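Shown next, in structure tokens, is the structure this report addresses.
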Amino acid sequence: MQTTKDTTDQPRTVSELFDAFANATYTLGYRILRDSHLAEDVVQETFIKVIRSLPSYRGEGPIAGWIYRIGYREAIAISRRRRDEVTDPESATFATLPARESVEESVMTQDLLARLDAAMAELSEPVRATFTLRDIQGLSTKDVAGVLEISESAVKMRLARAREALRVQLKEYLE
Amino acid sequence: MTMTCDDLDLLLPEFLDGSLTTSQEEQAAVHLATCQQCTIEVNELEGVTKLYKEHGMLELPNEARQRIARALDIES
Ligand SMILES: [Zn+2]
């Protein structure tokens, strides 16, 4: 069991990392792949790699960026595999939307969540990944560029494309 | 030099990222103060971010969380 804590107090045991990043990894996987079962696979594969690599992780940069990079690569690998297989387009399963609002709000919220989900379907996978990391997870442009291994200007371009496409689709929610 | 709608449009990626130079930022502010169309557009684009920041995170379903934790041999 890893128990080393560094001065910045980042979670470092596998359990702590899982608790801290399972939802974020699931969100990244789902937003890229739009399939909740495949997103669960992203979480599992990511943490298998995290467990394997943690002993040699030297703390270069924030641990979040390291985990997101592993998660992103797993999502892309699963996406390639899916593309290579003959798949039934009806077989994708959509995410169970999180039950976190009060009962009275839930119908409206569920509708909004479904609209936000559907609107993202129009974006390409790289654009979805960029938008998820920057606008949903709140990473800086620099950190997103590091995770996706692209330039900061490419992040900004993709982000502008994502926001513009989503703006058009979600106009009724934006007044 | 005054900034046009097209000028602002070209700078939107940097504008929304908050990474314009000070002088570009000032020119953008001058343009926005007089252009309702661009103001609406910028507000809506910022609204997109706000919507997803508030509602875009998903929770790994509990059943999957437990199954994965077991597979990884960790407690969660
Ligand atoms: Zn204008």
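The values are calculated or read from the model by the stated rules, or taken from the named source; none is laboratory data. Worth saying up front: this structure is predicted, and the values here are computed from it rather than measured. We place every Cβ from the backbone using ideal geometry, glycine too, and count neighbours over all the protein chains shown. Quick note on the areas: whole protein, heavy atoms, side chains included, nothing else; ligands and nucleic acids left out. Shrake-Rupley method; radii C 1.70, N 1.55, O 1.52, S 1.80 Å.
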Find the Rg to Rh ratio for the protein assembly as shown, where Rh is the Kirkwood radius over alpha-carbon pairs and Rg uses the same atoms. 1.01
Exceeding 22 Å between C-alpha atoms, which entries from my cross-link table qualify? They are A:49/B:50; A:142/A:171; A:156/B:53; A:156/B:50. A:49/B:50; A:142/A:171
To the nearest 10 degrees, how steeply does helix B:62-72 sit against the main Cα axis of chain B, on a 0 to 90 scale? 70
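With the cut-off at 16 Å, report for the range A:9-87 the share of all Cα pairs above it, as a whole percent. Numbers along the way, then the final one.
Values: 1429 of 3081 pairs.
Distances greater than 16 Å cover 46 percent of the Cα pairs.
Given Cα positions, please report Rg to Rh for chain B, the hydrodynamic radius being the Kirkwood one. Could the numbers behind the result be given before it?
Working: Rg = 21.1 Å, Rh = 15.5 Å.
My calculation of the ratio gives 1.36.
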Estimated buried accessible area (total), pair B and A, 1.4 Å, Å² to nearest 100: 3700
Quick one: length gained pulling residue A:56 to residue A:140 fully straight, 0.36 nm per residue minus the C-alpha distance? 27.7 nm
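Per-residue mean of other chain beta-carbon atoms within 10 angstrom of the beta-carbon, peptide A:155-167? Before the final figure, lay out the partial values.
Values: counts 2, 7, 1, 1, 6, 9, 1, 3, 10, 8, 1, 7, 7.
Mean number of neighbouring Cβ atoms from other chains: 5.
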Using only protein heavy atoms and a 1.4 Å probe, report how much of residue B:32 is accessible, in Å² to the nearest 10. 40
Nearest 500 deg cm²/dmol is fine: what mean residue ellipticity at 222 nm does chain B get from its DSSP H runs of n ≥ 4 alone, each adding -39,500 (n - 2.57), divided by its residue count? -24500 deg cm²/dmol
Between residue B:19 and residue B:5, how many nm apart are label points set 7 Å from Cα along the C-beta direction? 2.8
Treating the angle as unsigned and between 0 and 90°, give the value, to the nearest 10°, between the Cα long axis of helix B:22-34 and the longest Cα principal axis of chain B. 80
Unpartnered cysteines - no second Cys beta carbon under 4.7 Å - across chain B: B:5
